[in-house]
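The values are calculated or read from the model by the stated rules, or taken from the named source; none is laboratory data. As the structure is a computational prediction, the values presented were derived from the model and not from experiment. Don't worry about glycine lacking a Cβ; one is built from the backbone with ideal geometry, like all the others, and counts go over all protein chains shown.
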Ligand SMILES: [Zn+2]
């Protein structure tokens with residue numbers, strides 16, 4: 001993270017500095033049971049007991065604290081970092097309820113502003129994240145080969161990340177510092193958490209000094225022409241998503257290899273106005289030809305075509321034209337399609353079926369062609385969504401509206417069930433509260449009331465919640 005600050009240098013010997021011993025942090029013994037008192041937020045006057053230091057950063061230290069019988073995380077700012085502007089930003093954040101939807105709840109959001117009288121400092125309280133379960137991209141990368149996220153879990157993480165960023169942007173905020181350090185992943189499920197939210201600001205507001213991390217900065221930021229905005233967030237989001245699929249930066253190719261001194265002017269060349277995508281189809285100046293970069297070349301070859309197209313758009317026209325960046329909604333649609341289009345080959349391998357791919361689906365493991373089941377094609381208003389239909393497939397509310405994000409629990413709209421009257425035939429049962437309209441091949445229509453089924457007839461249509469859904473093969 002880069003903070004444009006002209007404030008003073010860090011003070012040495014601040015009283016609450018924890019001591020690093022053999023790579024582990026031990027609590028500072030000179031101040032047991034230091035109290036932090038909430039001055040603003042959900043419960044002014046609430047007392048938190050600081051237990052031990054968890055981590056430190058440029059802005060402050062994060063502690064484990066106790067709130068009654070619950071544990072929380074508590075950040076305390078360094079004296080030279082927690083200025084009045086920062087405090088005003090966090091004060092505004094604790095007033096905002098970011099707990100209403102699953103997309104909002106992935107932000108580890110400041111809950112109470114606190115005063116730590118013993119240290120003459122202030123800070124804020126936030127939920128505690130299980131760092132045994134949630135890992136950052138660097139930690140995942142270090143465990144590559146042991147704890148990898150499957151492609152389907154990666155698609156889930158991409159869906160959650162783009163859904164949460166959409167929710168943040170819709171609330172009028174920009175994140176400013178999307179980077180591999182601020183997003184945590186559960187590799188077993190693809191769930192994510194977004195940390196370090198105290199720099200989230202109002203879009204277009206230039207008061208915060210935080211402009212991001214150079215690797216994730218949009219060209220207009222690193223060249224100093226623009227302040228962070230939701231459009232610059234979209235660039236950082238695309239860089240991080242690319243890293244999640246390739247373990248590589250989209251602008252690190254031959255141009256970067258020729259840099260001898262990795263200083264700010266060099267970064268401004270690689271990430272700024274002369275930035276070139278390593279797989280730009282019209283400009284091969286920055287191909288990842290270095291032998292060390294064979295991993296990204298292999299990852300690009302096997303990446304789903306839908307993602308190759310979106311990354312190409314994001315890092316060619318979207319790189320230098322902010323209004324042409326890939327939107328959160330486009331990412332949501334693509335990742336949801338890959339997640340819910342996942343199929344299992346008879347050999348056991350997990351495959352991501354991609355509607356944009358040409359030719360038959362081939363298993364990456366046994367190399368055999370794999371039959372794709374019939375699909376429900378949903379005209380979502382943007383690109384169509386294709387739901388493969390196998391016994392028990394559930395049609396959920398977010399399949400009809402991918403950019404709205406998932407409910408919790410997801411809204412159950414329908415399910416593939418056997419036709420009781422005709423063995424071997426299947427239908428889509430209406431599990432919603434409103435009737436559907438079935439349009440047969442002859443154009444005749446009939447109602448499908450709740451708990452009844454529409455026959456799964458190829459070419460027939462069903463109108464579900466104002467969406468036209470067509471059975472396709
Ligand atoms: Zn196979």
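A quick yes/no check of all residues on (1) more than 16 Å from the ligand (Cβ to nearest atom); (2) in contact with a helix residue (DSSP H, G or I) (Cβ under 6 Å, 6 or more places away or on another chain); (3) more than 24 Å from residue 400 (Cα to Cα):
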site: 316; (1), (2), (3): yes, no, yes
site: 327; (1), (2), (3): yes, no, no
site: 339; (1), (2), (3): yes, yes, no
site: 361; (1), (2), (3): no, no, yes
site: 368; (1), (2), (3): no, no, yes
site: 379; (1), (2), (3): yes, no, no
site: 389; (1), (2), (3): yes, no, no
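Residues that are over 14 Å from residue 247 (Cα atoms) and more than 25 Å from the chain's Cα centre (by Cα) were ranked within the range 285-306; the one that is surrounded by the fewest Cβ atoms within 10 Å (Cβ to Cβ) is 291. Considering the range 343-359, the residues that are within 9 Å of the ligand (Cβ to nearest atom) and buried (at least 17 other Cβ atoms within 10 Å of the Cβ) include one that is farthest from the chain's Cα centre (by Cα), namely 345. Scanning the range 80-97 for residues that are in contact (Cβ under 8 Å) with a residue 40 or more places away in the chain and either under 30 Å from residue 404 (Cα atoms) or surrounded by 17 or more Cβ atoms within 10 Å (Cβ to Cβ) (or both) yields a total of 10. Filtering 172, 132, 138 for residues that are more than 11 Å from the chain's Cα centre (by Cα), without any contact (Cβ under 8 Å) to a residue 24 or more places away in the chain and either surrounded by fewer than 21 Cβ atoms within 10 Å (Cβ to Cβ) or not assigned by TED's automatic domain parsing to the domain that holds residue 95 (or both) leaves a single hit, 132.
Would you check if there is a residue in the range 397-411 being in a loop (DSSP other than H, G, I, E, B), closer than 23 Å to residue 457 by Cα and more than 16 Å from the ligand (Cβ to nearest atom)? Spell out the reasoning first.
Kept after step one, since they are in a loop (DSSP other than H, G, I, E, B), are these residues of the range 397-411: 401, 405-411.
Subsequent filtering for residues that are closer than 23 Å to residue 457 by Cα retains none.
The answer is no, given that none of the residues of the range 397-411 is in a loop (DSSP other than H, G, I, E, B), closer than 23 Å to residue 457 by Cα and more than 16 Å from the ligand (Cβ to nearest atom).
Please go through the range 245-276 and give me each residue that is part of a helix (DSSP H, G or I) and surrounded by 19 or more Cβ atoms within 10 Å (Cβ to Cβ), ordered by number. The answer is 245, 246, 256, 270, 271.
What are the residues in the range 382-417 that are at pLDDT below 95, touching a strand residue (DSSP E or B) at 6+ places or on another chain (Cβ under 8 Å) and loosely packed, with under 15 Cβ neighbours inside 10 Å, if any? Selection gives 390, 391, 392, 410.
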